[in-house]
Structures are given as C-alpha cells and as structure tokens.
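Heads up: the structure comes next, in structure tokens.
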Amino acid sequence: MTPLVDYHIHTTLCNHATGSSKEYIEHALKMGLKEIGFSDHAPLVSHRDPSVTMDFSDLPEYYAIMENARSQYKNEIIIKRGIEADFIPGYEEKTKAILDEYPYDYVYGSVHYIKKWGFDDPIQRQKWEDKNIDEVYQAYFELLRQSAMSGLFDIMGHVDLIKKFGHRAKQDLKDDIHKTAEVFKECGVAIEINTSGLRKQVKEIYPSQHDLKIYSEHNVPIVFGSDAHAPEQVAMNYTEAVELAQSVGYTEYLTFKNRKVENTLPIE
Ligand SMILES: [Zn+2]
Ligand SMILES: [Zn+2]
C-alpha cells in the first residue's frame, strides 16, 4: 500500500489535544507517510470557547509551528499548512477574514454546531435527549450544503459527524445525501475520509459506506485524515480507510497546495 497522506492533525493550541507537533510528525514518519498537514480548530466566529478551538491570539504561533516544522523536516516529509474552520451561517465574512490572514494550503469546512448547539461536544450531549433525530440530521445536511456553497472551504470535514454518539435517523436520508453530493460536486469541494469515528461511540469511519458510495457516484473527490488529537492517532486505521474507499469505487485521492488541488494520487 502506498503511504497515504494525513491532512487532519491537531495541535495543543486547541486545548483538547495532546503531544508536541514534533511527536505528531515523528509518528507520521514511523507510519511511512510521505505527506501530512496540520489542521487545527480555527477560532470560533460566533462566540468564544477556549476548550474547543484556538483563540485569535494563537494564530501567529500556530502558523509559526507549521512553518518551523516545514523547514525542520523538509528532507523527510511534506508538511502542509491547513486549518479546520467551523461553518456558522451569518458569519461568512468574519470567517473569510480569518482564513485570509495566512496562506494556507487547504481549509477544512466543518459543521460542529446546529444553532449554537455543539452536537458532537460531550458536554452538550444531554441536549440530544429532547431532539427529533431525523430533524437534527436534516438540519445537519442542510448546513453541510450551505458550507460548501459559501465558497469558504476546500475540503468538507467528517461529513456525517452527526452520528458520532450513535444517534441514527429513522427516516431514509438517501435523497438528502444525493442532494448534498450534487452540491459538493458543483461547488468543487472534496470530502474527507476521517478515521476518528472508529475511536468514538459510533465505531464507524466518517462518512459511512452508504453515504460514501453516493459521493463516489457523484464523483466527489476525497482526501484522507485521522483527526489526530494525540500523536499515536496519526494515520490510525488507514487500512480500513483504504478498504472503505475502494469498496465504493474510489481509485484516487487529492493533495492540496496554496488552496488548490496539487496532485491526484492513486489509492493502492
Ligand atoms: Zn478537536
Ligand atoms: Zn472536526
């Protein structure tokens, strides 16, 4: 198997990850990766929550960490400069201003909030209890489509994160996923095969095989990410990720540079 790329690696600046950037890179080397990218949580634009994202004042240090790592490891591994930003409707301009501050190689767009409810935050998990799960799923996919249409992002992160705690919609959401895939294709965004779901209650990669098959039918390109919040999670469960991608017909994945697709590489 060709070593794949891991584009979803956090740092301690988000206050819920452990390990130094050096430890993440060393683990990537141990796993045989040729390329990685950091993508820590960008500051929230709607409110502050230092336990889930970086703060505005962390951004210079974050960028410096990536630049230092790039020069230090330039002969060993390609390191890209990414960031993971939340999509919060109504705050598009503020989000754009943050993302334009530094020349990133790619930007992940992630939906972690439905109307200020951090649905994947363990502290806010209780709120699931009085929700209609089908409605929550529909609201989530609507936000995913809006985030792609905002033009702010290159890659859509963990595109069924809504299942994280194991809540499942009763209704068949096939039409919603088809609609979402069409929008992604039209907007030119890639999606991520994110192995972190295997480490959560749902015990399943994001997205599910069911959804990924639909994205594949619509030719939505993919990238690979572990969503590592600890060094040993870099490239974790990549065998399963490759099997999943191939099982629905994917033969290629993308790399990014300066917010454009750089290469289309074979999945082998
Ligand atoms: Zn995180
Ligand atoms: Zn995320």
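All of the numbers you see were taken from the coordinates with simple rules; none came from a lab. The structure presented is a predicted model; accordingly, all values stated were derived computationally and were not measured. A quick note on method: Cβ atoms are made from the backbone with ideal geometry, for glycine too, and the neighbour counts reach across all protein chains shown.
When the expected Rg is taken as 2.2 N^0.38 Å, what fraction or multiple of it is the alpha-carbon Rg of the range 146-235?
On the way: Rg = 13.1 Å, N = 90, 2.2 N^0.38 = 12.2 Å.
Its radius of gyration relative to the 2.2 N^0.38 Å reference: 1.08.
With equal scatterers on the alpha carbons only and no solvent term, can you work out the Debye log10 of I(q)/I(0) for the range 201-257 at 0.18, 0.23, 0.24 1/Å?
-0.66, -1.00, -1.06
For a bin width of 10 Å, list the pair-distance distribution of the range 113-165 built from all Cα-Cα distances, rounded to whole %.
The percentages, shortest bin first, are 21, 56, 21, 2.
Can you put Tyr91, Tyr104, Tyr137 in order, fewest other beta carbons within 10 Å first?
Least crowded to most crowded, the residues run Tyr91, Tyr137, Tyr104.
Taking amide H positions as placed 1.01 Å from N in the peptide plane, with prolines and chain starts having none, which residues 5 or more places from Ile114, or on another chain, fall under 5 Å of its amide H?
Phe119
If we restrict to alpha carbons, what Rg and Dmax does the chain come to, in Å?
Every Cα atom of the chain included, Rg and Dmax give 17.1, 53 Å.
Hey, got the dipole for the range 5-266? About the Cα centre, +1 on K and R Cβ, -1 on D and E Cβ, debye to the nearest 20? If you can, show how the numbers build up before the last one.
Numbers: 30 positive and 42 negative charges, 28 e Å.
In total the dipole reaches around 140 debye.
Would you kindly derive the ³J(HN,Hα) couplings of the range 68-83 from the backbone phi angles with the Karplus curve 6.51 cos²θ - 1.76 cosθ + 1.60 (θ = phi - 60°), listing them in order in whole Hz, with x for Gly and Pro?
5, 4, 4, 6, 5, 10, 4, 8, 10, 7, 7, 10, 9, 9, x, 7
Which of the aspartates and glutamates could be linked to Lys203 by a straight reach, that is with a Cα gap under 15 Å, when you skip same-chain ones fewer than 8 residues away?
Within the straight-line cut-off, Lys203 pairs with Asp120, Asp160, Asp227, Glu240.
Given the convex hull of the Cα atoms of the range 64-197, what is a quarter of its surface area in nm²?
Values: hull surface 38.3 nm².
For the Cα atoms of the range 64-197, the hull's average projected area reads 9.6 nm².
For Tyr7, enumerate residues with amide H under 5 Å from its amide H, sequence gap 5+ or separate chain, H modeled in the peptide plane.
Answer set, sorted by chain and number: Gly37, Phe224, Gly225, Ser226.
Longer than 26 Å from Cα to Cα, which of Lys115/Lys163; Lys74/Lys260; Lys34/Lys185 are they? Say none if no pair is. Could the numbers behind the result be given before it?
On the way: Lys115/Lys163 17 Å; Lys74/Lys260 21 Å; Lys34/Lys185 28 Å.
Going by Cα-Cα distance, Lys34/Lys185 fall outside the 26 Å limit.
Between Gln146 and His167, what is the label-to-label distance in nm when each label sits 7 Å out along the Cα-to-Cβ direction?
So the two model labels end up 1.7 nm from each other.
Within the range 4-82, list the trypsin sites (Lys or Arg not before Pro) lying in a DSSP loop whose Cβ has at most 16 other Cβ atoms in a 10 Å radius. Before the final figure, lay out each step's value.
On the way: sites: Lys22, Lys30, Lys34, Arg48, Arg70, Lys74, Lys80, Arg81; in loops: Lys34, Arg48, Lys74.
The qualifying sites are Lys34, Arg48, Lys74.
Could you derive backbone 3J(HN,Hα) for the range 156-161 from the dihedral phi with the Karplus parameters 6.51, -1.76 and 1.60 (θ = phi - 60°), listing whole Hz in sequence and x where the residue is Gly or Pro?
Per residue, the Karplus-derived 3J(HN,Hα) values read 8, x, 5, 7, 9, 3 Hz.
So if we plug the beta-carbon distance of Lys30 and Asn132 into 1/(1 + (r/R0)^6) with R0 = 41 Å, what FRET efficiency do we get, rounded to 0.05?
On the way: r = 45 Å, r/R0 = 1.10.
Efficiency, rounded to the nearest 0.05: 0.35.
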